[in-house]
Structures are given as structure tokens and as C-alpha cells.
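Below is one structure, written out as C-alpha cells; the observations come after it.
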């Protein structure tokens with residue numbers, strides 16, 4: 001079983017549209033949306049939820065007024081100033097460090113686990129999919145990414161599927177680290193802009209640090225050929241295979257608006273043919 005993660009150094013490079021297109025080309029696969037902070041693969045896949053689970057992570061202190069004697073130990077120790085003079089906890093300011101819980105002489109502070117979101121196992125027209133939704137302003141997205149990947153792997157094993165296609169988060173932070181660790185390969189989607197190249201360089205360094213083989217594809221390559229050539233030079237210098245070049249094509253946007261892949265909307269588009277070539281290159285690189 002292989003796991004391919006599609007990532008980008010920045011948001012908006014087209015990785016979700018690309019992985020949706022790959023979903024229509026790949027055989028015997030599980031789809032996984034690990035971009036839990038801003039999940040949007042479901043907008044194209046239109047999944048039918050089969051299994052729904054709450055995601056619990058982190059803690060928030062809660063003072064039990066029946067047991068509290070008002071000694072003030074908690075307010076003195078809380079470095080976040082999350083406890084008022086009336087001994088009420090500000091759930092936004094509380095960082096869940098637990099100092100007040102462990103030091104309260106009356107054991108008057110409860111420390112329940114937070115319900116941070118949900119994760120789902122769904123069915124789509126292209127096969128099973130594991131995805132999640134992190135609550136507004138909730139943290140621990142890296143932990144949720146790990147959970148979603150584990151469930152996708154379990155689903156693939158149970159159904160004897162050969163491939164996990166994962167839509168990873170943008171950037172280089174904790175969620176991205178959680179999404180690429182232990183993967184067989186990453187496909188970095190970039191675009192020919194100054195920020196696109198800069199952020200691609202950062203995510204290349206990240207994948208190299210975790211020893212995950214990286215490949216590159218350039219979306220909208222024809223909008224700035226000079227920047228495209230700069231990306232090519234960087235890729236060659238770091239021994240990164242450039243698998244293909246996707247031209248600027250409104251078909252991608254039109255397909256997304258209709259909740260379709262680029263092949264469902266127009267199988268003969270220039271962008272579609274470029275994506276097919278990239279998929280052939282991926283299949284060779286990771287041995288599908």
C-alpha cells in the first residue's frame with residue numbers, strides 16, 4: 001500500500017482540485033482530506049457520511065464553586081490570566097496547561113477534555129473517503145490530521161486497497177508535519193510567483209528533513225514563464241522530478257463550481273491532459 005500526500009507551501013495553488021482529478025484516475029484507493037483546518041475536498045466529492053465521530057483533544061479548566069474556598073491559589077499561578085477575581089475561567093484565555101488543577105488544595109477544579117470537532121468515514125463516487133472538520137478557533141489540528149491518516153490506512157487495509165490519496169494542509173506547520181510523516185511520497189503543487197517559489201522551497205526543506213521523497217508540479221505555469229524556469233532550476237539543483245506543467249485553464253474553476261472534477265466537466269481540456277500526464281509520472285515514481 002502506498003500513501004501519496006499532495007501539499008503546497010501556500011494555500012490556493014490548486015492541490016484540492018488536483019487530488020480530486022487524481023481520484024477519478026486512480027484505482028483501488030482511499031481518499032483522505034488531511035487539511036482539517038479548512039477542509040474542502042468534500043465540496044467536489046459530495047461524500048455520503050457513513051460513520052461520524054467526535055474528536056476530543058486538549059482540556060479547559062472549570063472551577064466547581066461548590067468545592068472552591070476562594071483561596072486564590074489558581075489566580076496566582078495562572079500565567080494566562082484566565083481566572084477572574086470571581087473564580088470563573090475564561091475558556092478562550094485558558095491554555096489547558098493544568099497548573100491550577102494540580103495545585104488546587106481543595107481539588108475544586110475539573111479538567112474535562114474538549115470536543116474540538118468531528119471526523120467522518122464517507123462514501124463517494126470515487127470510493128471511500130476519510131475527512132474531518134475542526135471546530136472554529138480550536139487547536140490540535142495536527143493530532144486530528146494524524147487520526148484521519150490512521151483511519152484512512154485502516155480502511156485501506158480492511159478493503160485491500162493499494163493507495164491512499166491525501167489532500168494535505170498548506171504551509172510548513174504542525175498539521176503539515178503530521179500529514180507527511182511516514183508517507184511514501186509527496187507531490188508539491190506550486191505556481192510561478194515569487195511567493196509560490198519561496199513557499200515551495202520551505203516545504204521542500206521540510207520533506208527532506210523527514211526523508212519523504214518529493215515531486216513537483218507547476219500549476220498555471222504559462223502565466224509567468226520566467227518564474228517557471230526559476231522553479232525548474234531549483235528543482236534540478238535539489239534533484240526533484242518536475243512531473244508536469246498545468247496551463248492556466250478556467251475549466252478547473254468551472255468544474256469546481258459545479259462540484260465536479262476537471263475530467264467530469266471537460267475530459268478534453270488542456271488542463272485535463274496535463275493532469276493525466278502528471279498522474280502517469282506519479283504512477284511510475286511511486287510504483288503503482
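Tabulated data
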| item | result |
| --- | --- |
| Approximate spin-label separation residue 118-residue 253, in nm, with each point projected 7 Å along Cα-to-Cβ | 3.2 nm |
| Proxy reagent accessibility, fewest Cβ within 10 Å first, across 282, 172 | 172, 282 |
| Compactness of the chain, expressed as Rg and Dmax over alpha-carbon positions, Å | 22.5, 73 |
| Crossing angle, helix 141-158 versus the chain [Cα axis fit, 0-90 degrees, rounded to tens] | 60 degrees |
| Top of 127, 98, 11 by mean-square fluctuation, Gaussian network on the chain, Cα under 10 Å | 98 |
| The chain - mean residue ellipticity at 222 nm from DSSP helices (-39,500 (n - 2.57) per run, n ≥ 4, rounded to 500) | -11000 deg cm²/dmol |
| Between 0 and 90°, nearest 10: helix 270-286 axis offset from the chain longest Cα axis | 70 degrees |
| Folded to 0 to 90 degrees: helix 194-209 orientation relative to the chain principal axis, Cα | 70 degrees |
| Virtual spin-label span in nm between residue 1 and residue 110, 7 Å along Cα→Cβ | 3.8 nm |
| For the chain, share of DSSP beta bridges that run antiparallel, in % to the nearest 5 | 45 percent |
| Choice from 135, 96, 244 showing the highest fluctuation, given a GNM over the chain with Cα pairs closer than 10 Å | 96 |
| P(r) histogram, all alpha-carbon pairs of segment 61-111 included - 10 Å bins from 0, percent | 29, 65, 6 |
| Share of Cα-Cα pairs in segment 167-287 lying beyond 24 Å, as whole percent | 29 percent |
| 74, 97 arranged by Cβ crowding within 10 Å, fewest neighbours leading | 97, 74 |
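Bear in mind these aren't lab numbers, they're just calculated from the coordinates by the rules spelled out. Note that the structure is predicted; figures quoted are calculated from it, not measured. For neighbour counting, all protein chains shown are included, and Cβ atoms are generated from backbone atoms with ideal geometry for every residue, glycine included.
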